[in-house]
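Below is one structure; the comments refer to it alone.
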Amino acid sequence: MTSIHDLPIELLSRIFFFLYKKSREEVCKMRVILDTPADDILSKTEWADKDPRSLTLFPHAQAKVCQHWLNVLSTHAMFWDRVIFDIREDPTRMLDSLRWSKDLPLEIFVFNSSPFPNPEHDDLHLQRDAVLLELSRFQALILACTPHIKRCTSIVFEAMYPTSLPPCSLLLQYKPWDLRTLVLTSVRAADNPHSSLVAVNPSLDPPSSLSPPVQYRSLKLLCLDAFILMSFARMFEGRGENFASHKMCLVISRYIFQYDKNGAFNEPFTVDDFLDCLEQMSPNYTTLRDLVIQGPHDEQPTLEPPTYSYPFSTHTLLFENVSAPLLSAYFDRFPLEDESVEFRFCDIPAVPDESVVWCYFLTLENIPASTDLRGLLTSWVGGELKVKNCPCFDDSLLSWLARDPCQAPHLRSLEIENCNSFTMKKLRKLIRLRTRERDSSEVSEEEDDDFAYINTLFVCGDNYALTAEELSWFTDRVDAWFTISQNSPYIPL
């Protein structure tokens with residue numbers, strides 16, 4: 001009796017082509033198609049599942065069934081234009097998959113699925129063994145990737161330890177001119193330069209032919225550990241070349257800036273070095289994540305494992321878990337100008353006097369009670385404010401917004417989700433003073449240029465109570481939606 005491990009090559013190939021088409025979707029209409037000719041499907045479709053960590057991805061799930069299946073899969077180049085390695089396992093068996101796509105454009109994704117925090121981290125000897133094991137596997141993989149880097153459109157390396165990440169120069173020296181995405185990130189942050197977890201050597205001499213990011217016209221996303229970025233930028237010092245990033249999204253994360261009792265930052269990099277690097281690159285969109293300043297008597301900060309969604313969405317100015325002193329230094333150097341600005345898990349300091357926060361959409365998420373939002377909202381001239389899980393969004397802030405219409409004067413839409421520090425009484429006062437009757441025609445268009453009325457209100461949560469009369473009062477003045485945390489409509493008392 002024939003088992004699935006002994007199916008004829010022709011039958012297996014037909015099955016695999018069916019699975020391949022089913023795993024693709026049209027680039028524009030974003031739907032799976034099953035009727036595109038095999039020799040034309042690459043130019044019209046892309047992988048439907050964008051998460052390379054998925055355990056069911058074709059052809060990687062099928063390649064693990066048996067050697068016979070792997071041999072058949074390896075003969076079809078179009079199956080292998082995206083190769084994926086989990087460094088938790090020995091990658092040797094699949095290193096040849098890098099060449100199975102032949103001359104097709106190539107995407108490489110490497111990650112480590114080991115748990116974090118890892119119990120082995122409690123033992124320095126076991127930690128050192130884990131660091132060396134990952135490093136050896138990354139080095140073997142990078143060596144196998146080298147002949148294929150030139151045709152890469154995406155390179156994503158997500159390591160557990162920063163020691164495993166290659167410097168940018170090692171990849172860009174092969175001039176992958178069609179590269180659109182470059183990600184070099186780690187779970188463990190680089191901090192003490194004398195630690196066994198320190199990242200690449202920043203003094204590494206780059207190839208004289210290394211081109212700055214501005215020459216990579218196709219590069220749209222550069223996502224790096226801060227240590228990697230600052231090391232890369234230092235390579236261009238004194239070379240008189242433009243280090244600008246040419247309309248790309250820049251995501252920088254995971255570095256602990258340490259200073260001593262005299263206030264001097266430890267080598268190899270300072271906050272000014274970091275800000276100088278950002279100023280040189282001048283990207284279209286910037287995300288700063290898990291960047292902390294630590295004093296000599298501060299507790300060692302804990303940085304949670306980064307969570308990225310695929311495909312990356314970075315068309316905003318985003319600050320996530322960035323310490324207040326670093327935000328202050330950023331505010332002193334750069335304007336907060338973008339269509340959308342977001343703060344997550346940040347204790348936001350006041351924006352400097354006479355500065356203006358130019359963004360239409362402002363999102364605040366998980367901002368602690370210690371933050372005084374007036375220091376930010378005083379300078380904000382946008383129209384849509386969204387607050388989520390923010391204990392600092394309280395009655396005193398609502399009273400301040402209601403009392404002075406010059407604060408957030410263009411606020412048109414207010415979205416409040418799971419904020420439990422305010423009362424409906426104060427929210428009602430804000431709406432009463434910052435709205436007008438729906439049939440009112442008292443305000444001219446000229447007055448609207450300097451002041452806007454709130455016309456949209458969304459409230460979501462489980463800790464508020466409204467009668468039918470109170471709910472009707474809100475809906476008579478604004479387009480109002482009140483829901484519970486599962487987004488089910490609120491039923492009035």
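The values are calculated or read from the model by the stated rules, or taken from the named source; none is laboratory data. All of these numbers come straight from a predicted model, not from anything done at the bench. Backbone-built Cβ (ideal geometry, glycine too); neighbour counts: all protein chains shown.
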task: Identify the residue in the stretch 350-370 that is polar (S, T, N, Q) and touching a Phe, Trp or Tyr at 6+ places or on another chain (Cβ under 9 Å) and, among all such residues, is farthest from Ser485 (Cα to Cα).
output: Ser355
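Would a scan of the stretch 353-374 turn up a residue that is part of a strand (DSSP E or B), β-branched (Val, Ile, Thr) and at pLDDT below 90? Break it down into steps so the answer makes sense when it comes.
Filtering the stretch 353-374 for residues part of a strand (DSSP E or B) gives 357-358, 361-365.
Next, from what is left, pick out any that are β-branched (Val, Ile, Thr): 357, 363.
Those still in the list that are at pLDDT below 90 too: 357.
Checking the stretch 353-374: at least one residue is part of a strand (DSSP E or B), β-branched (Val, Ile, Thr) and at pLDDT below 90.
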- request: Read through the list (1) surrounded by fewer than 17 Cβ atoms within 10 Å (Cβ to Cβ); (2) under 25 Å from Cys249 (Cβ atoms); (3) modelled with pLDDT of 90 or more, then give the number of the only condition that Asp178 fails.
  value: (3)
- prompt: Looking at Phe85, is it modelled with pLDDT of 90 or more and farther than 27 Å from Ala144 by Cβ?
  reply: no
- prompt: Quick check: is even one residue across the stretch 247-262 on the phi > 0 side of the Ramachandran plot, modelled with pLDDT under 85 and out of contact with any strand residue (DSSP E or B) (no Cβ under 8 Å at 6 or more places or on another chain)?
  reply: yes
query: In this structure, does Asp40 turn out to be at pLDDT below 85 and either within 23 Å of Val183 (Cβ to Cβ) or part of a helix (DSSP H, G or I) (or both)?
result: yes
- request: Enumerate the strands (runs of 3 or more DSSP E) found wholly within the stretch 407-493, keeping only those where 3 or more residues are modelled with pLDDT of 80 or more and under 19 Å from Leu377 (Cβ atoms).
  value: 413-417, 456-460
Counted residues, the stretch 77-113 - those being more than 17 Å from Asp49 (Cβ to Cβ), in a loop (DSSP other than H, G, I, E, B) and in contact with a strand residue (DSSP E or B) (Cβ under 9 Å, 6 or more places away or on another chain): 6
statement: Those residues of the stretch 294-332 which are modelled with pLDDT of 85 or more, touching a strand residue (DSSP E or B) at 6+ places or on another chain (Cβ under 9 Å) and not aromatic (Phe, Trp, Tyr) amount to Leu317, Leu318, Glu320, Asn321, Val322, Ser323, Ala324, Pro325, Leu326, Leu327, Ala329
